[in-house]
1. Give the residues of the stretch 152-177 that are under 15 Å from residue 248 (Cβ atoms) and without any contact (Cβ under 8 Å) to a residue 40 or more places away in the chain, sorted by residue number.
2. If you go through the stretch 195-219, how many residues are of a type outside the set (A, V, I, L, M) and in a loop (DSSP other than H, G, I, E, B)?
3. Considering only residues that are at pLDDT 80 or above and touching a strand residue (DSSP E or B) at 6+ places or on another chain (Cβ under 8 Å), look in the stretch 137-153 and name the one that is farthest from residue 261 (Cα to Cα).
4. Identify the single condition in (1) at pLDDT below 75; (2) at negative phi that residue 241 does not satisfy, given that it satisfies every other one.
Amino acid sequence: MRIEKSAWPLLLPFLLLAAPAAAQEPGEVAPEVDDPERAERLYRAHCGRCHGVQGLGGEGPGLAQLVLPRVADQTQLEGFIRDGIPGTGMPGVRARVLDDDAVALVASYVLWLGAQTAADASGVTGDAERGHDLFWAGGDCASCHIVAGQGTAVGPELTIIGLRRGADYLREALTAPAARLPVARLGVRSGFFEYLPVRIVTDSGDIYNGMRMNEDSFTIQLMTLSGALVSLDKGTIAEMEKLVGHSFMPVTQGLDDDDVEDLVAYLTTLGRGS
C-alpha cells in the first residue's frame, strides 16, 4: 500500500542528537510503508506533543526536510527510536509500547516522507547571516548563552539548539521567555525545570541572583547573572526563593519582527553544520 503525498508533513521526531554519522543523500529511495494509517496514529500518539502534529517542530526539532541530520539509514533510525539518545530529552520506547515491527514501521514511514518532501517546511523565513550578526554584535545574547565555546553559561547552551528545538519554540522563547521553559525528562530530576532562576540572601546580607546549576540537601550551586559560579552552604542562607516559571532573559526590546525572524533563522542553523 502506498501513501499519498498529502501525508508528508507527519514526520517522526526521533532525531534530536546522536553520534555523528553520514546523513542520507538527497534522492535516495526510501522504503515503502506497509501501513501508513497506523504509522500516522503512532506518530500522533507518541511524538506530536514535542514535535508538532505535522512535524514542524516545537519543543523538539522540526523534521520536514529532505535530509535527516545524522541518520545514515533505516537501521540507525530504528536504533534511535528504540534506545533513545543518552544525555538528551530524547527517550527510547519500551518494547511494550512499540514492538520491533512498529519501530520498523515508523522508521520506514519517516524515510519515505523525507524522500517526498520538496521543500523545508520549518516555517523559517528570516536571514540567518543577519541573525548571526544580531546575536553576536549586540552582546546581549552572548552575555548569557554559549555557542561553540563562546559566551557565558547563565542560560542554556545553544551550540546545537537547532537540533533540539523547532522554529516556533525558539520564536516564543525570544518574545515570551517564561512562557515555556525546558523541563528535565530523564533521570532523578525528571519533571523539574532544567533552568531554575533563584534569588538567595545569606546570613551576612549578600544577595545572589542566578541560575541553579546543581543542588543537594546541604549545598546549592548557581551561575550568577555576571557569569560567576557560586557554591553556597544552605546553613548560611537566610532566604532562598526559587522563581518557578520565571526567566531572567529580557523580552526582545528594541527588536522588530524582522529581527526576531532573523535570530530564529540563525538559531535553527546551530548544530546543523550550516
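The values are calculated or read from the model by the stated rules, or taken from the named source; none is laboratory data. Since the structure is predicted, the reported quantities are computational estimates derived from the model, not experimental observations. For neighbour counting, all protein chains shown are included, and Cβ atoms are generated from backbone atoms with ideal geometry for every residue, glycine included.
1. The answer is 156, and nothing else.
2. Result for the stretch 195-219: 8.
3. 152
4. (1)
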